Structures are given as structure tokens and as C-alpha cells.
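Student: Following this message is one structure expressed as C-alpha cells.
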Amino acid sequence: MLKRDTLRPFPAITLVIGENGRQRRVNSVHQVAELLLEHWPVEHGEEYVAAVRICLEAMLGAVPPEAVREALIKAAREAGISVLQ
């Protein structure tokens with residue numbers, strides 16, 4: 001049975017997004033999905049697409065929240081976004 005638990009927390013990470021150095025702290029699958037879909041500076045790249053897919057899988061309960069955290073870090077590196085853990 002699939003779970004629709006979109007909050008699914010994980011250890012927080014902070015990203016530095018944009019030229020103004022705005023920091024964004026995320027610690028749940030829901031927050032990462034919103035960040036990727038609404039605030040991400042680039043909408044392409046293999047790691048970006050993988051992170052979006054893994055978010056969806058986590059919302060359905062198919063992968064653990066930690067997988068989303070790791071995918072976000074990879075997507076951030078790909079996009080040149082600094083990650084503060």
C-alpha cells in the first residue's frame with residue numbers, strides 16, 4: 001500500500017540560492033519538492049530530474065526521505081548551488 005505522507009522529515013540542510021546568497025533551509029520531502037519545482041534556478045540536468053523523480057517516489061512511500069536529501073545535494077552540486085549541512 002502506498003503512503004501519501006509528503007512531510008517525511010530528514011536531517012536539515014541549507015542551500016545558498018541565487019546571486020544574493022539567499023539561504024534556504026529544508027528538512028522534508030514536501031519542502032524539497034516545492035524548492036525544486038518552484039524556486040530552482042535551472043530546470044534541466046540529470047541530477048535535477050532525478051531529484052524530482054525521487055521526491056515523487058518518497059511522497060508515495062517507495063523510497064525513504066533520506067534518498068530525497070541525497071538527491072537534492074547532488075542536484076545542488078550540478079546547479080552550482082552551495083550546500084551547508
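Please treat every number below as a calculation from the coordinates, not as lab data. Just so it is clear, the structure is predicted and the values come from calculations on it, not from any experiment. Neighbour counts are summed over all protein chains in view; Cβ atoms, including those assigned to glycine, are modelled from backbone coordinates with ideal geometry.
Student: Being closer than 18 Å to His30 by Cα and in contact (Cβ under 8 Å) with a residue 24 or more places away in the chain is the filter here; which residues of the stretch 65-85 pass it?
Tutor: Pro65, Glu66, Val68, Arg69, Ala71, Leu72, Ile73, Lys74, Ala75, Ala76
Student: Filter the stretch 5-59 down to the residues that are of a type in the set (Lys, Arg) and touching a strand residue (DSSP E or B) at 6+ places or on another chain (Cβ under 9 Å) and list them by number. If you could, list the steps in order and put the result at the bottom.
Tutor: Of all residues in the stretch 5-59, those of a type in the set (Lys, Arg) come to 8, 22, 24-25, 53.
Scanning the stretch 5-59 gives Arg8, Arg22, Arg24, Arg25.
Student: To continue, here is another question. Can you tell me which residue in the stretch 31-52 is nearest to Gly18 (Cα to Cα), limited to those that are exposed (fewer than 14 other Cβ atoms within 10 Å of the Cβ), touching a residue at least 12 places away in the same chain (Cβ under 8 Å) and not aliphatic (A, V, I, L, M)?
Tutor: Looking at the filtered set, the residue picked out is Pro41.
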